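*Asks:* Dropping the structure in here first, questions after.
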């Protein structure tokens, strides 16, 4: 696990360039909320994801790279309306741009976050998932990885 709070895609690219090379079967790339709040354009963000994916392939050689979609920002209750609505639309556009880019990829997939709209799924800060929300995300991500591996091996 390589994580830094507040990192955006350009920052992660720099961090990965200095990370020790190693071989992994699966890499999950969860990046985008800070890019969204920084108003990185959806097409530019998709380009950043391609650069990150290329570097991940080069340095870590995963058989599967899963891009975790930008979270459902419309569910971030700490954001006032209409900002919450706008950020939800922006995140959706970012994910749509990435989905289009990945449509012809075989070893790169997109995992969409579950809709986290209940208070039980959100932490008290109104931004991050609660433990229950993270559990739902992890379970869905696990199923996605297993299904993607079955498709590539069979």
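Laboratory data are not the source of any read-out in this text; all were calculated from the coordinates shown. Just so it is clear, the model here is predicted, and its values are computed rather than measured. Glycine also receives a Cβ, built like all others from the backbone with ideal geometry; neighbour counts cover every protein chain displayed.
*Asks:* Need the C-alpha centroid separation for region 4-22 versus region 70-113, integer Å.
*Replies:* 21
*Asks:* Continuing with the same structure: Using 0.36 nm per residue of separation minus the Cα-Cα distance, give me the extension gain between residue 96 and residue 5 in nm, one decimal.
*Replies:* Values: separation 91, 0.36 × 91 = 32.76 nm, distance 2.46 nm.
Net length gain for the segment: 30.3 nm.
*Asks:* Would you order 31, 151 from fewest to most other beta-carbon atoms within 10 Å of each residue's own beta-carbon?
*Replies:* Working: 31 19, 151 11.
With the sparsest Cβ surroundings first, the list reads 151, 31.
*Asks:* Now a separate question. Roughly what angle does helix 131-153 make with the longest principal axis of the chain, taking Cα atoms, 0 to 90 degrees, to the nearest 10?
*Replies:* Compared with the principal axis, the helix lies near 30 degrees.
*Asks:* For the chain, give the share of DSSP beta bridges that are antiparallel, in percent and rounded to the nearest 5; count only bridges with both residues there. Write down the numbers at each step before the final one.
*Replies:* Values: 1 of 10 bridges.
That works out to approximately 10 percent antiparallel.
*Asks:* With label points built 7 Å along Cα→Cβ from the Cα atoms of residue 77 and residue 63, find their separation and express it in nm.
*Replies:* So the label points at residue 77 and residue 63 sit 4.2 nm apart.
*Asks:* First obtain the Kirkwood hydrodynamic radius of region 5-134 from its Cα pairs, then insert it into the Stokes-Einstein equation at 37 °C and 0.692 mPa s, and state the resulting D in µm² per second as a whole number. Walk me through the numbers on the way to the answer.
*Replies:* Details: Rh = 15.3 Å.
Translational diffusion coefficient: 214 µm²/s.
*Asks:* Now for a separate question. Between residue 112 and residue 54, what length comes free when the chain is fully extended (0.36 nm per residue of separation minus the Cα-Cα distance, one decimal in nm)?
*Replies:* Values: separation 58, 0.36 × 58 = 20.88 nm, distance 2.08 nm.
Using 0.36 nm per residue and subtracting the Cα-Cα distance, I get 18.8 nm.
*Asks:* Once fully extended, how much extra length lies between residue 26 and residue 44, figured as 0.36 nm per residue of separation less the alpha-carbon to alpha-carbon distance? Before the final figure, lay out each step's value.
*Replies:* Numbers: separation 18, 0.36 × 18 = 6.48 nm, distance 2.48 nm.
Length difference between fully extended and current span is 4.0 nm.
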